[in-house]
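The next block holds one structure in the form of structure tokens; read it before the comments.
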Amino acid sequence: MAEPVVRIPDAKVALSTASVYPESTATAFEIAARLGYDGVEVMVWTDPVSQDVEALRRLSDYHRIPILAVHAPCLLITQRVWSTDPWVKLQRAKAAAEKLGASTVVVHPPFRWQRNYARDFVDGIWRMAEETDVRFAVENMYPWRYRDREMLAYAPDWDVTKDDYRHFTVDLSHTATARTDAMQMIDRMGDRLGHVHLADGKGSAKDEHLVPGRGTQPCAELLERLAATGFDGHVVIEVNTRRAMSSAEREADLAEALAFTRLHLASAVRVPRS
């Protein structure tokens with residue numbers, strides 16, 4: 001007879017500081033510590049604290065919550081954060097990760113209009129990855145849509161599995177917006193999948209970042225696959241709580257997301273009875 005055994009992978013569950021917007025980076029550390037997250041991913045953006053390595057270190061020490069990843073400033077609203085040169089941004093993200101003890105830098109593929117950056121992006125990421133123990137995990141994106149029109153906004157491609165990177169980040173809100181099969185994408189990523197942005201979506205043209213379980217993406221199936229394969233990267237809750245009517249409602253959403261993730265990361269396997 002075989003008996004069920006619960007197997008939980010070494011993956012840590014982190015809170016993205018973007019998940020508390022419009023509240024501050026500092027608030028994200030406080031909530032992550034109070035709810036029992038294993039760490040945070042810092043989204044570097046217009047909040048000055050997110051750009052300040054010493055301020056981040058103090059928050060991490062005060063709340064006793066580690067910084068597991070740094071998300072480089074790749075958004076449209078962060079075009080001038082940490083320089084206008086995208087390679088300088090990545091160098092600063094790497095330096096921040098090294099100083100803060102984070103194992104991963106998350107980076108988006110370039111916008112198509114960043115032609116010089118895009119032309120050298122794949123080789124440049126490999127060069128940077130060889131300079132450090134920090135993982136550069138390139139994140140899948142999506143085509144931009146308006147009504148019946150589609151714009152390919154990222155280069156070399158929004159589907160990062162079409163290019164050769166050492167590590168990938170999979171984002172399930174982005175697979176929803178791209179209307180692509182998330183499980184097939186992680187199959188293509190294989191053992192190069194090093195980082196997960198867990199959120200949900202319903203296939204809207206907007207990047208929804210719903211709480212896991214509230215959309216159509218295979219969030220539970222993905223987590224169960226990670227558990228079964230012994231995934232040892234980070235699972236980061238990156239959800240949109242801007243519509244929360246209060247801080248308490250926002251915190252309830254983030255508690256629900258954490259509970260969902262921990263539940264489905266516990267994989268029941270059967271082993272022979274000795």
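Scanning the range 149-182 for residues being within 19 Å of residue 71 (Cβ to Cβ) and open to solvent by 70 Å² or more (accessible area, probe 1.4 Å) gives a total of 1.
The set of residues from the range 18-33 being among the charged types (D, E, K, R) and in contact (Cβ under 8 Å) with a residue 60 or more places away in the chain comprises just one member, 23. Residues in the range 157-173 that are in contact with a His (Cβ under 8 Å, 6 or more places away or on another chain) and in a helix (DSSP H, G or I): 172, 173. Anything in the range 31-42 that is part of a helix (DSSP H, G or I) and of a type in the set (Gly, Ala, Ser)? List them, or say none. Hits for the range 31-42 are 32, 33. Under the condition of being at pLDDT below 95 and open to solvent by less than 30 Å² (accessible area, probe 1.4 Å), which residue from the range 1-42 is nearest to residue 258 (Cα to Cα)? The residue in question is 11.
If you check residue 58 against the conditions, is it modelled with pLDDT under 95 and of a type in the set (Lys, Arg)? Step through it out loud before you land on a result.
Working: modelled with pLDDT under 95: no; of a type in the set (Lys, Arg): yes.
No; evaluated as a whole, the condition is false for this residue.
Hey, which of the strands (runs of 3 or more DSSP E) in the range 185-274, taking only ones fully inside, have at least 2 residues that are surrounded by fewer than 20 Cβ atoms within 10 Å (Cβ to Cβ) and in contact (Cβ under 8 Å) with a residue 24 or more places away in the chain?
On the way: elements: 193-198, 234-237, 267-272.
Hits in the range 185-274: 267-272.
The values are calculated or read from the model by the stated rules, or taken from the named source; none is laboratory data. Predicted, not measured: the structure shown is a model, and the values here were computed from it. Neighbour counts run over all protein chains shown; Cβ positions are idealised from the backbone, glycine included. Quick note on the areas: whole protein, heavy atoms, side chains included, nothing else; ligands and nucleic acids left out. Shrake-Rupley method; radii C 1.70, N 1.55, O 1.52, S 1.80 Å.
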